[in-house]
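Trainee: Following this message is one structure expressed as structure tokens.
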Amino acid sequence: MAVSFSLYSRIPMPRLTYEEGDMEHSLIWFPLVGTVIGVLVCLVNIPDCMKEVPAAVRIMLSLLIPVIITGGFHIDGFMDTEDAMCSYAPVGKKLEILKDPHIGAFAVIGLVRTGLVFALAVTVIVLYSPGSADNILLFAAVFVIGRILSGLTSLFFRKARKDGMLRKETAGNRSGVIRCLLIWLLFSVCFVLYVDIGKGAVLLLAFAASAAWYRHRAYRLFGGVTGDTAGHFLVSAQTTAAAALAAVILIGSFCH
């Protein structure tokens with residue numbers, strides 16, 4: 001757990017002596033980072049005392065919490081992948097671009113585009129959830145499910161490289177890690193369907209479509225997945241799911 005939070009968040013962890021196998025089990029606790037984000041988003045929007053806070057402030061806090069907790073770790077991978085995907089270079093060159101620490105124009109364009117879509121989705125979810133916690137709870141689950149699927153796709157999908165952090169994280173006791181992530185997924189699916197079976201189903205379909213599209217593009221453009229593409233998938237999948245939830249909320253409000 002300490003390894004996972006040290007890698008994927010800025011939450012202070014105790015200084016421990018890590019063993020070689022600890023990295024291989026870090027994905028088990030990856031969804032817990034999303035749980036922390038989801039809980040904080042709920043605390044900002046659900047309690048009665050927060051209803052007195054202007055909606056604009058709650059929207060900004062909901063957007064900032066994931067960045068503050070993670071330190072933008074996955075955004076870095078997202079931007080690297082955007083640059084590589086838009087390079088029209090051979091696979092080998094694309095993999096080199098993923099390692100390049102410099103930021104290109106396509107990375108900035110991709111981040112602005114995705115950030116605006118995510119901000120719009122959050123705005124709709126917060127504004128159209130007065131007196132009801134269901135939409136906020138579903139939105140909070142996005143951060144958990146996204147990390148569960150990011151872990152599972154990293155384990156199941158073909159790797160583009162024979163080395164790197166993703167290879168270390170997915171080596172060793174794969175079956176144990178997969179079982180734990182599937183348990184996370186089962187509870188998350190039951191949770192969103194219990195909160196609202198219709199909106200929950202749309203949320204899950206959005207994640208499933210994102211995972212299928214991720215596999216197609218990663219295999220075609222990079223020959224497999226990497227740590228950077230996993231970050232890109234997480235950011236993109238969360239944005240797609242949040243946008244799908246916002247669309248359903250808007251449609252429902254117009255129909256009523």
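Trainee: Kindly evaluate residue 92 against the criterion of being of a type in the set (Gly, Ala, Ser) and at positive phi.
Mentor: On the way: of a type in the set (Gly, Ala, Ser): yes; at positive phi: no.
Answer is no for this residue.
Trainee: Looking at 126, 142, 91, can you tell me which residue is farther than 30 Å from residue 177 by Cβ and aliphatic (A, V, I, L, M)?
Mentor: Only one candidate passes the filter, namely 126.
Trainee: Report, by residue number, each residue of segment 182-199 that is in contact (Cβ under 8 Å) with a residue 60 or more places away in the chain and either exposed (fewer than 14 other Cβ atoms within 10 Å of the Cβ) or farther than 17 Å from residue 147 by Cα (or both).
Mentor: Narrowing segment 182-199 to residues in contact (Cβ under 8 Å) with a residue 60 or more places away in the chain: 184, 188, 195-196, 199.
Within segment 182-199, 195, 196, 199 qualify.
Trainee: Provide a single number: the residues in segment 48-77 that are free of Cβ contacts under 8 Å to residues at least 40 places away in the same chain and among the acidic types (Asp, Glu).
Mentor: Within segment 48-77, residues that are free of Cβ contacts under 8 Å to residues at least 40 places away in the same chain and among the acidic types (Asp, Glu) number 2.
Trainee: May I pose another question? Under 6 Å by Cβ, and 6 or more places apart or on different chains, what pairs join a residue from segment 114-131 that is part of a helix (DSSP H, G or I) with one that is polar (S, T, N, Q)?
Mentor: 114/239; 117/239; 118/239; 122/62; 125/135
Trainee: When segment 44-56 is examined, which residues are found to be surrounded by 15 or more Cβ atoms within 10 Å (Cβ to Cβ) and in a helix (DSSP H, G or I)?
Mentor: Correct list: 44, 45.
Trainee: Among the residues of segment 210-217, are any under 29 Å from residue 120 (Cβ atoms) and either loosely packed, with under 13 Cβ neighbours inside 10 Å or at pLDDT below 90 (or both)? Break it down stepwise before answering.
Mentor: At the first step, the residues of segment 210-217 found to be under 29 Å from residue 120 (Cβ atoms) are 210-217.
This time we only want the ones that are either loosely packed, with under 13 Cβ neighbours inside 10 Å or at pLDDT below 90 (or both), so: 212, 216.
For segment 210-217, residues under 29 Å from residue 120 (Cβ atoms) and either loosely packed, with under 13 Cβ neighbours inside 10 Å or at pLDDT below 90 (or both): present.
Trainee: Here's a follow-up. Can you tell me which residue within segment 209-236, out of those that are within 13 Å of the chain's Cα centre (by Cα) and of a type in the set (A, V, I, L, M, F, W, C), is farthest from residue 139 (Cα to Cα)?
Mentor: Applying the filter and picking the extreme gives 230.
Trainee: What tally of residues in segment 112-132 results from selecting those that are surrounded by 14 or more Cβ atoms within 10 Å (Cβ to Cβ) and modelled with pLDDT under 90?
Mentor: Final tally of qualifying residues: 2.
Trainee: Could you tell me how many of the residues in segment 156-192 are touching a helix residue (DSSP H, G or I) at 6+ places or on another chain (Cβ under 9 Å), modelled with pLDDT under 80 and not in a helix (DSSP H, G or I)?
Mentor: 6
Trainee: Report, by residue number, each residue of segment 78-106 that is within 16 Å of residue 229 (Cα to Cα), without any contact (Cβ under 8 Å) to a residue 24 or more places away in the chain, of a type in the set (Gly, Ala, Ser) and part of a helix (DSSP H, G or I).
Mentor: Of everything in segment 78-106, just one residue is within 16 Å of residue 229 (Cα to Cα), without any contact (Cβ under 8 Å) to a residue 24 or more places away in the chain, of a type in the set (Gly, Ala, Ser) and part of a helix (DSSP H, G or I), namely 92.
Trainee: Checking the condition part of a helix (DSSP H, G or I), buried (at least 20 other Cβ atoms within 10 Å of the Cβ) and among the hydrophobic types (A, V, I, L, M, F, W, C), which residue from 75, 65, 109, 59 passes?
Mentor: Only one candidate passes the filter, namely 75.
Trainee: Within segment 15-23, can one find any residue that is more than 25 Å from residue 134 (Cβ to Cβ) and in contact with an Asp or Glu (Cβ under 8 Å, 6 or more places away or on another chain)?
Mentor: yes
Trainee: Moving to a separate point now. If residue 12 satisfies all but one of (1) of a type outside the set (Ser, Thr, Tyr); (2) touching a residue at least 60 places away in the same chain (Cβ under 8 Å); (3) not in a helix (DSSP H, G or I), what's the number of the condition it fails?
Mentor: (2) is the only condition that residue 12 fails.
The values are calculated or read from the model by the stated rules, or taken from the named source; none is laboratory data. Treat the numbers as computed from the prediction; the structure is a model and nothing was measured. Glycine also receives a Cβ, built like all others from the backbone with ideal geometry; neighbour counts cover every protein chain displayed.
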